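Taking it in order: structure first as structure tokens, then the write-up.
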Amino acid sequence: MTPERKTNGSILLSKAKAFSSWLIQIRRHIHTYPETAFEEKETSSYICSILKELDVPYRNNVAKTGIIAEIGNKDSQRVVCVRADMDALPIDERTGLEFSSKRKGFMHACGHDGHVAMLLGCARLLKEKEPENGLVRLLFQPAEEGQGGAKEMVKEGCLENCIFIFGGHIDTHFDVGKIAFQEGIMCAHADRLLIKVHGKGGHAARPHEAADAIVAASNLVVMLQSAINKRINPQFPAIVSIGIVEAGSAPNAIADLAILRGTIRTTNDSVREQVFQIIKDCAKAIDQAFGVSTTAKFPEHYPPVVNSKEATMIANYAAQEIVGTKGVLPYPIPSLGGEDFSYYLEKVPGCFVRLGAKKAGVDAPAHSPNFDFNEDVLPIGSAFFANCALKALDIQVSGHNT
């Protein structure tokens, strides 16, 4: 499977570099005014204003705040989608950047501001000479950070007639000019965990008359780490992290309820089920040891991101033209981060990549109040996604040919 005609990625990159300052301006504006999941109203309005300037037709208010824009042959039944997420995080920024967040308690600490800029750059490149052999659909998606905005976009019909979808994430572990990906799993199963430990309240001076939910919950947190470590084959990743503990109302009272909230990260279906069982087993043990009643639920789940063979081949062709063969890196160890791009990949074949964006002097991971990235990645991402879309339309796929 190869493209019928070769698109020139180097020309696309040269054009994108020529409007780098425009991309940076977009990124910095969005960074300055962050909005969280399903609240991206101003962000959406700003994106729409740029699409209008580019004369790109769009539909807004999709999945509340999302946008679907289209470039190319409107009559074609062959559609290639490219996606960027828009939402920020409830984090108080400490970067000291001149374009730091003006909204206290909120920050683009994961690079989604850059993703939006790159997709708008992709739109600008494609608009120069619109593809005649198909339609490129640009998805500006809300609520990636734990709210599953991708699922809502799918419900709104964003994948109609889609034959391939492409997406990516800025990654400061890699230098600018590197694009990392591979066929198969890229991101893990990400499950939410909710545990409630019901005890019996009482006076701190008479603990024997109560059942201390805090002590029981504390022991459960420690037990989970030990049990996962000893009962799961260490060749398979399995992480249970408790991020929130809620308990107690007075310093001299024994709490009757403790609530634990966290996440479970796995890359294997059977290991995932095994972790669920271990959590339930530990809960039973805690009940017996401390005289409490514990329930464990798994309320939300992001499926794993699994790149298809065909889309990965297209991305490989596209990336080599942008960054050269030495710039294309394997990604043999899947990220344990959750990514709702997986909802698209459950419906259509696609490829998700990591775009190198390491910035000198910055050693802050994603979701850190000090996070920042090298803006030189913006024209690279713009050209890469445009090249992916063009190459995907050139692929002759059985049942999807025009």
Considering segment 332-343, residues that are in a loop (DSSP other than H, G, I, E, B) and modelled with pLDDT under 95, and then whichever is surrounded by the most Cβ atoms within 10 Å (Cβ to Cβ), we arrive at G338
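Using the structure shown, decide if I279 is in contact (Cβ under 8 Å) with a residue 60 or more places away in the chain and within 25 Å of the chain's Cα centre (by Cα).
Numbers: in contact (Cβ under 8 Å) with a residue 60 or more places away in the chain: yes; within 25 Å of the chain's Cα centre (by Cα): no.
So I279 does not fit the description; no.
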Flagged in segment 216-234 as hydrophobic (A, V, I, L, M, F, W, C) and over 18 Å from A289 (Cα atoms), in numbering order, are I228, I232
Inset, instruction - Test I232 against the criterion of being modelled with pLDDT of 95 or more and buried (at least 22 other Cβ atoms within 10 Å of the Cβ), and give yes or no. - result: no
inquiry  = It is to be established whether one or more residues within segment 257-266 are free of Cβ contacts under 8 Å to residues at least 40 places away in the same chain and farther than 15 Å from M223 by Cα.
reply    = no
The residue that is farthest from the chain's Cα centre (by Cα), considering only those in segment 122-175 that are over 25 Å from S14 (Cα atoms) and of a type in the set (G, A, S), is G157
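Which of the residues belonging to segment 282-322 are in contact with a Pro (Cβ under 7 Å, 6 or more places away or on another chain) and either more than 20 Å from D340 (Cα to Cα) or free of Cβ contacts under 8 Å to residues at least 40 places away in the same chain (or both)?
In the first step, residues of segment 282-322 are kept if they are in contact with a Pro (Cβ under 7 Å, 6 or more places away or on another chain); the result is 308, 310-311, 317.
Within segment 282-322, E310, Y317 qualify.
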- Answer with yes or no whether T43 is crowded, with 17+ Cβ neighbours inside 10 Å, among the β-branched types (V, I, T) and touching a strand residue (DSSP E or B) at 6+ places or on another chain (Cβ under 8 Å). no
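Starting from residues that are among the charged types (D, E, K, R) and within 20 Å of L12 (Cα to Cα), keep the ones in segment 305-329 and report whichever is surrounded by the fewest Cβ atoms within 10 Å (Cβ to Cβ). Before the answer, list the steps.
If we filter segment 305-329 for residues that are among the charged types (D, E, K, R), which is where we start, we get 309-310, 321, 326.
From what's left, within 20 Å of L12 (Cα to Cα): 321, 326.
Working: E321: 21, K326: 9.
The selected residue is K326.
The values are calculated or read from the model by the stated rules, or taken from the named source; none is laboratory data. Computed from a predicted structure; not experimentally measured. With ideal geometry, Cβ positions are generated from the backbone for all residues, glycine too; neighbour counts draw on all protein chains shown.
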